[in-house]
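Here is the structure we will look at.
The values are calculated or read from the model by the stated rules, or taken from the named source; none is laboratory data. Computed from a predicted structure; not experimentally measured. All Cβ positions, glycine included, derive from the backbone under ideal geometry; neighbour counts span all protein chains shown.
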Amino acid sequence: MIQWGVWRAGGVAVPLAVSHPPAELEYVIRDAEAETVVVHPDFAAAMQAVHLPPTVRTVTTDQAVGTAPRSPLPGVAAGRRAMIVYTSGTTGKPKGVVTTHANIVAQVTSLVTAWEWRADDWVLLVLPLHHVHGIINVLSCALWAGARCEMLAKFDAEQVWGRIAAGELTLFMAVPTIYGKLITAWEAAAPERRRAWSAGCAPPRMRLMVSGSAALPVQRLERWREISGHVLLERYGMTEIGMALSNPLHGERRPGFVGTPLLGVDVHLVDEAGRPVVRGETTPGEIEVRGATVFLEYWRRPEATAAAFRDGWFRTGDVAVVDDGAYRILGRSSVDIIKTGGYKVSALEVEEVLRTHPAIAECAVVGVEDPEWGERICAAVERRGEADLTLAALQAWAKERLAPYKIPRGLRSVPALPRNALGKVTKREVAALFAP
Ligand code: MLC
Ligand code: AMP
């Protein structure tokens, strides 16, 4: 409601994460140069710990919703900035991705069209509201279509199954880790509950279940099909572009593939020199995207914005092949981008924070393949001094400084980080330190 109000008033909405510690909230509020912070009373105490610049005004959600407008709502031009979503990249600190009203309309309408959103749809929102999966794919599409969007404060497998079993939902969208957690809960449940839970997935009422934000392992897709009767629709997107590729609503969904470009989105693959990969060849290339869905700029970072585009195409940093007309994601070109539980995390950002720990002289952060989380964040460190450093102690320290999903889950102390002849840390060798 607040986001809608900001948009109607011609303002820029910057969603904050309720899971973030004060340090991360403060970074986003300062970097975005926010004028007003709107806080729900439940988070008033958390916000007290955030050091806000004196110019920032804080209002409660009750005040924002309860105050009559002082002036008529302005007309808002389509090209006006509407939202800044913070995303991790290869440059350390998160960058603000600015989208205009026109971008958001394009992102929403491409999905409303492709997935045939209707006013009588009913979707359960279990995703965080500081990323596009939750904001655009679920909430904004539902609002656009006039559908019902029911929200849970936090993902909880039993609660989600309970809502599915009630037989009211028509749509469900989540990241692969969430489907994994739902499968685990189903497998642990008594036969009667399993039957009720599976029955809640039955079409035609439940008409579509979508997975994205990270690669969906084919085995998980198959297990979900056995449990729910649904072939998950996998799609591919990114904060900067909304969704770009999707398997079809009707027709064959190929396991391990993310489908074809959505309506109005241009997608191609290029080699390292930026030359388009020849159509019909199964040569890998970097995905580049163009069209009305593509963001305007990184907030106050013109160089980063310029570097993100080549000849008008946005460079995603994801590598894919086209096989028989459909795209298959192979991975990312940077080892420093980690996807954990569907969240993108910059290894460099975590390293920068860890280097401020008194017992850490140098460190290297990597994503280690993990069946539950996709990747798990692990840190190899060269210690400073003789003091012991346990994983638990490092986590407790990091919790004050980093979002929960950026906190290392594995720690190795090494006398010297593996480096190549040029002295650069070799991340693949670092990852090997965490091999089971
Ligand atoms: C939490 N835990 C982790 C972890 N996160 N362990 C390893 N790696 C991680 N990333 C641990 C906690 O420490 C805790 O351990 C236990 O798991 C439960 O923690 P939690 O915080 O309660 O986790 P939970 O709420 O269950 O979170 C899991 C999740 C969440 C999958 C619901 O990660 C999530 O909402 N992910 C979605 C992110 C998302 O929306 N991404 C979209 C980005 S947009 P213990 O030992 O204390 O029990 C995008 C574009 C696109 O990507 O294409 O969509
Ligand atoms: P974010 O920057 O948080 O929006 O995350 C976007 C990134 O998530 C993309 O660049 C991909 O690396 C990854 N991603 C999204 N959807 C998929 C998918 N279906 N398969 C593999 N990776 C995906």
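List of remarks:
- The listed residue being at pLDDT 95 or above, of a type outside the set (Phe, Trp, Tyr) and more than 22 Å from the chain's Cα centre (by Cα), out of Ala46, Ala78: Ala78
- Applying a threshold of 6 Å to beta carbon distances and a minimum spacing of six or more residues, or different chains, the list of pairs starting in the stretch 5-31 at a residue that is at pLDDT below 95 and ending at one that is of a type in the set (Phe, Trp, Tyr) and buried (at least 18 other Cβ atoms within 10 Å of the Cβ) is empty.
- Boolean, Ile84 is away from ligand 1 (no atom under 13 Å from the Cβ), touching a Pro at 6+ places or on another chain (Cβ under 9 Å), under 27 Å from Val18 (Cα atoms) and in contact (Cβ under 8 Å) with a residue 60 or more places away in the chain: yes
To keep it simple, each residue is scored yes or no on (1) more than 30 Å from Ala387 (Cβ to Cβ); (2) in contact with a strand residue (DSSP E or B) (Cβ under 7 Å, 6 or more places away or on another chain); (3) surrounded by fewer than 15 Cβ atoms within 10 Å (Cβ to Cβ); (4) touching a residue at least 24 places away in the same chain (Cβ under 8 Å).
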{"site": "Leu269", "(1), (2), (3), (4)": "yes, yes, no, yes"}
{"site": "Arg279", "(1), (2), (3), (4)": "yes, no, yes, yes"}
{"site": "Phe295", "(1), (2), (3), (4)": "yes, yes, no, yes"}
{"site": "Ala304", "(1), (2), (3), (4)": "yes, yes, no, yes"}
{"site": "Asp318", "(1), (2), (3), (4)": "yes, yes, no, yes"}
{"site": "Asp323", "(1), (2), (3), (4)": "yes, no, yes, yes"}
{"site": "Glu349", "(1), (2), (3), (4)": "no, yes, no, yes"}
{"site": "Val353", "(1), (2), (3), (4)": "no, no, no, yes"}
{"site": "His357", "(1), (2), (3), (4)": "no, no, no, yes"}
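- Per-region count, the stretch 211-234, residues among the charged types (D, E, K, R) and near ligand 2 (Cβ under 6 Å from one of its atoms): 1
- Leu127 being in a loop (DSSP other than H, G, I, E, B) and crowded, with 19+ Cβ neighbours inside 10 Å: yes
- Looking at the stretch 170-278, the helices (runs of 4 or more DSSP H) lying wholly inside it that each contain 1 or more residues that are within 16 Å of ligand 1 (Cβ to nearest atom) sit at 176-188, 218-228.
- Candidate set from the stretch 149-169 (those that are part of a helix (DSSP H, G or I) and buried (at least 16 other Cβ atoms within 10 Å of the Cβ)); member that is nearest to ligand 1 (Cβ to nearest atom): Ala157
- Filter result (surrounded by fewer than 18 Cβ atoms within 10 Å (Cβ to Cβ) and touching a helix residue (DSSP H, G or I) at 6+ places or on another chain (Cβ under 8 Å)) within the stretch 134-148: Leu143, Trp144, Arg148
- One residue alone among Ala77, Ala68, Ala45, Ala32 is in contact with a helix residue (DSSP H, G or I) (Cβ under 9 Å, 6 or more places away or on another chain) and either closer than 17 Å to Trp7 by Cβ or not β-branched (Val, Ile, Thr) (or both), and that residue is Ala77.
- Residue within the stretch 348-364 that is in contact with a Gly (Cβ under 6 Å, 6 or more places away or on another chain) and either within 11 Å of ligand 2 (Cβ to nearest atom) or assigned by TED's automatic domain parsing to the domain that holds Ser88 (or both) present: no
- Within the stretch 326-337, residues that are farther than 11 Å from Gly367 by Cβ have Cβ atoms under 7 Å from residues that are of a type in the set (Lys, Arg) and at pLDDT 95 or above in these pairs: Ala326/Arg254, counting only partners at least 6 apart in sequence or on another chain.
- The stretch 127-183, residues that are among the basic types (Lys, Arg) and modelled with pLDDT of 95 or more: Arg148, Arg163, Lys181
- Residues satisfying the stated conditions in the stretch 237-277, i.e. aliphatic (A, V, I, L, M) and away from ligand 2 (no atom under 15 Å from the Cβ): Leu249, Leu263, Val270, Ala273, Val277
- Conditions (1) aromatic (Phe, Trp, Tyr); (2) within 14 Å of ligand 1 (Cβ to nearest atom); (3) surrounded by fewer than 20 Cβ atoms within 10 Å (Cβ to Cβ); number of the one not met by Phe309: (2)
- Those residues of the stretch 304-329 which are in a strand (DSSP E or B) and at positive phi, in sequence order: Gly317
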